[in-house]
Amino acid sequence: MTGLVKENIKIALGSIKTQLLRTILTIIIIAIGITALVSILTVVSALENTISSNFSMMGANTFTIRQYELEVRIGNGGRRGEREIVNPIISYPDAKTFKEKFNYPFTTTSLSFTATPGAQVKFENKKTDPEITVLGVDENYAANSGLEVATGRNFTGFDIENNNYVCVVGSDFEKGLLKDVNPIDKVISIRGAKFKVIGVLKEKGSTFGNSQDLRVLIPIQIARSVFTQPNINYNVSVMVDKKELLDAAIDHATITMRQIRKQNPVEDNNFGIVRSDELINQILSLTKVLSASAWIIGIITIFGSSIALMNIMLVSVTERTREIGVRKALGAKRKTIAFQFFTETIVIGQLGGIIGIILGITIGSIFASVLEFDFIIPWMAIIAAVITSFVVALVSGLYPAIKASKLDPVEALRYE
């Protein structure tokens, strides 16, 4: 049986050489469908990996209190002519009071806000472009946000309570402004205020083109005094040490925040509470649309390639009618003839699949690199491509193989 398979593969490759142009065109059509499928699935896999790695650092036991839920709700179902509900911002008194009152067991509360997304930082006679994000934070921010200090130390409660002019910088500072120097205890300037560097964060990379390492963390009260602006929306995050207490902690946080906002029992919450795992699931659900699009595009293209493959095999059967007659006259059985043509179809299909996989991964990795996603080898896409190309060859080669096996040897020998 093994010898027969090897012989059929040799015959298939020989036939491919004699019909090189038609075969190349068929392989290209199959490859285009597989390329479209694999490239999109590669980008989707890279996107999912990026989202998971960036949000998993927050942990599944973290939730945030924000101005809105994941989606802005519209009054009474959002019927035409009705006013959109506008929730008040999370003000500093709200956030500070919540941290003081929320005392649920095994929880840690953090307050923070984005002071500016475009600050210029100076060190001695050097300065950065105005692209540094400055965050006002407390001592719990790093732990609740999944940040790690690679060099030096994090803020302490003493730093925050005494408004010490200290800061923790992102890892990119070691490659730029503080390159070739020990950053610890160096003094940098932001808007004229001088801060001593006490720590450097572990590298996080980029998310959707935005570097997570071009940032400076400073004590929240100092940030409020240096960056004075109206209507600052503060972030409140709560980390629960025990997962089984997460739902109860959220309920307790909801009650606490409603009391702070002085809401009546019949009123809806005028704030949102978002769990980190819920946020991940919401975002990852969007990638399913891209995956579905990949399959639709791939199936349409592959459907066309399967028709082309079937046609080329039917033409091959017609052109090799005398050859089939000779083989049958020499004792070849119907299943042997059918297996020969079937093997030829499988070879063409797999060649198209291999080329499509290579092109798909290449194109997908290029797009992932441009979009700054974390590329991983898309094994599911590769498996899907191999199975798809095999099914295309299976369906396309079945009818031509049966037709070839049923040819009458006498009529085949008389065919011109």
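List of remarks:
- Evaluating THR116 against the criteria (1) exposed (fewer than 13 other Cβ atoms within 10 Å of the Cβ); (2) under 29 Å from the mean Cα position of the chain (by Cα) leaves one unmet condition, (1).
- So ILE273, is it closer than 30 Å to VAL395 by Cβ and either in the same structural domain as GLU7 (by TED's automatic domain parsing) or modelled with pLDDT of 70 or more (or both): no
- Subset of region 150-167 (residues that are closer than 12 Å to ILE198 by Cβ and part of a strand (DSSP E or B)): THR151, GLY152, VAL166, CYS167
- Yes/no for SER305 being under 39 Å from the mean Cα position of the chain (by Cα), within 25 Å of VAL43 (Cα to Cα), modelled with pLDDT under 75 and not in a loop (DSSP other than H, G, I, E, B): yes
- Of the criteria (1) within 14 Å of GLY199 (Cβ to Cβ); (2) at pLDDT below 90; (3) in a strand (DSSP E or B), which one LEU147 fails: (3)
- Scanning region 211-243 for residues that are at pLDDT below 85 and of a type in the set (Gly, Ala, Ser) turns up just one, SER211.
- Here TYR399 clears all of (1) at pLDDT 70 or above; (2) over 35 Å from the mean Cα position of the chain (by Cα) except the condition numbered (1).
- Yes/no for THR50 being modelled with pLDDT of 65 or more, in contact with a helix residue (DSSP H, G or I) (Cβ under 8 Å, 6 or more places away or on another chain) and closer than 20 Å to ASN144 by Cα: no
- Any pair with Cβ under 9 angstrom, 6 or more apart, that starts in region 331-358 at a residue that is not assigned by TED's automatic domain parsing to the domain that holds VAL38 and part of a helix (DSSP H, G or I) and ends at one that is of a type in the set (Lys, Arg) and buried (at least 20 other Cβ atoms within 10 Å of the Cβ): none
- On inspection, ARG191 qualifies as on the phi > 0 side of the Ramachandran plot, surrounded by fewer than 20 Cβ atoms within 10 Å (Cβ to Cβ) and in contact (Cβ under 8 Å) with a residue 60 or more places away in the chain.
- Residue in region 177-184 that is without any contact (Cβ under 8 Å) to a residue 40 or more places away in the chain and not in a loop (DSSP other than H, G, I, E, B) present: no
- Scanning region 151-167 for residues that are surrounded by fewer than 20 Cβ atoms within 10 Å (Cβ to Cβ) and closer than 14 Å to THR109 by Cβ yields one hit, GLY157.
- On inspection, GLU148 qualifies as in contact (Cβ under 8 Å) with a residue 40 or more places away in the chain and surrounded by fewer than 19 Cβ atoms within 10 Å (Cβ to Cβ).
- Within region 91-100, at least one residue is outside the structural domain of GLY360 (by TED's automatic domain parsing), surrounded by 14 or more Cβ atoms within 10 Å (Cβ to Cβ), modelled with pLDDT of 90 or more and aromatic (Phe, Trp, Tyr).
- Scanning region 233-244 finds no residues that are in a loop (DSSP other than H, G, I, E, B) and either without any contact (Cβ under 8 Å) to a residue 12 or more places away in the chain or at positive phi (or both).
The values are calculated or read from the model by the stated rules, or taken from the named source; none is laboratory data. In this text, all values refer to a predicted model and were calculated from it rather than measured experimentally. Backbone-built Cβ (ideal geometry, glycine too); neighbour counts: all protein chains shown.
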